[in-house]
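See structure below.
None of the figures in this text is laboratory data; all of them are computed from the coordinates on show. The model shown is predicted, which means the values in this text are computed figures rather than measured ones. Cβ placement follows ideal geometry from the backbone for every residue including glycine, while neighbour counts extend to all protein chains displayed.
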Ligand code: MRU
């Protein structure tokens, strides 16, 4: 159960396979699983071996590239048909995080650009593209982190939710990237991590990342957040996002909306850190973002242990939508958009210099 804190490699390419840390068993066990096809990667995404919006985008890109390698000996017709099936399978593995579709569309472009080439050339181009999407995600998170770190005062306590860290991306993280960058800038920042029921990404993954890196972290249950806000013990909230609509509404882990409402009540800045690949200009508002419903077993117990009454009806939406009006600022690799509106968000895609 060890990993170099500076180099949590959520995904890595080894021996012509994709290897991913099995996040279902962290922090008790630190183990990589290997994948060699679209079907196996799609199942890993569905079952949460890998999770977090940017990380599942990278995983899907590798899944597509692996499928091309697997299908390389086939006729061009079978190769194209198989790749198309792989695309659909990966695209359907989880519905809310738009990074998955973003990465797959990038991969499709690479395929289309080489359509008249041999299977081998297409497969090599797709693997290079998956490597590049993954490497670029780390560079983006560092840029985003530097912009966000400027918003945090020295000596501050920051509440975060779910896991938007290295494990949720190719590295460094989005919300936790902001924290890491603030630390790198010499700021003293400590974290309050909400445990994040039902899948416990906060207790298992965020706490693990921060403990590994010796960034002070205190774990609370989700229903304690308002108590600490009311006592003035939280100076800022930084969370990630799974999809940001064109109007600035934010879909993120279920419970994020509750924190944003509490933050507004207590005058605490509520920041959303995400790459541009999480912003979906084709989705007008949060109302149109598909919300994944997950298995009842995630709520009735954890792994082999059930604590709820057998037969009880369960709801398990994995995400909720925070209206743009509750977001103090969006932190992206292109800069910070305060009080996000559609105009400000669209501006991110046009401007090259950072906005503050
Ligand atoms: O269900 P998960 O664990 O994939 O949900 C993850 C989140 O909600 C994260 O906050 C989001 O993907 C941002 S990760 C940088």
Where does helix 119-149 land angle-wise versus the long Cα axis of the chain, in degrees 0 to 90, nearest 10?
-> 10 degrees
So if we plug the beta-carbon distance of residue 291 and residue 30 into 1/(1 + (r/R0)^6) with R0 = 22 Å, what FRET efficiency do we get, rounded to 0.05?
-> 0.10
DSSP beta bridge pairing in the chain, given as percent antiparallel to the nearest 5 = 50 percent
Among 215, 331, 192, residue whose mean-square fluctuation peaks in a GNM of the chain (springs only between Cα atoms under 10 Å) = 215
Which whole-number percentage describes the relative contact order of the chain, with Cα contacts under 8 Å and a sequence gap of 6 or more?
-> 15 percent
For the stretch 5-141, calculate the relative contact order in percent as a whole number, restricting contacts to Cα pairs under 8 Å that are 6 or more residues apart.
-> 23 percent
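Quick one: order 37, 277 by neighbouring beta-carbon count within 10 Å, fewest to most. Could the numbers behind the result be given before it?
Values: 37 18, 277 23.
Exposure proxy ranking, most exposed first: 37, 277.
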Considering Cα pairs under 8 angstrom that are at least six residues apart, work out the relative contact order of the stretch 148-347 and quote it in whole percent.
-> 21 percent
For the stretch 201-252, just say rounded, prolate or oblate: build the C-alpha gyration tensor, square-root its eigenvalues into a ≥ b ≥ c, call rounded for a/c under 1.5, and beyond that prolate if a/b exceeds b/c, oblate if not.
-> oblate
Rounded, prolate or oblate (a/c below 1.5 giving rounded, otherwise prolate when a/b exceeds b/c) for the stretch 148-347 by Cα gyration tensor | oblate
What FRET efficiency do you get for residue 136 and residue 84 if R0 is 30 Å and r is their Cβ-Cβ distance, rounded to the nearest 0.05?
-> 0.75
Provide, as a two-decimal number, the C-alpha radius of gyration of the stretch 5-141 over 2.2 N^0.38 Å, N being how many residues it has.
-> 1.00
Value at 222 nm in deg cm²/dmol, rounded to 500, when DSSP H runs of n ≥ 4 in the chain each add -39,500 (n - 2.57) = -12000 deg cm²/dmol
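Go through 278-284, 332-338 and give me the packing order, highest mean Cβ count within 10 Å leading.
So the peptides 278-284, 332-338, ranked by packing, come out 332-338, 278-284.
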A student applying the Cα gyration tensor rule (rounded when a/c is under 1.5; otherwise prolate if a/b is larger than b/c, oblate if not) would label the chain prolate
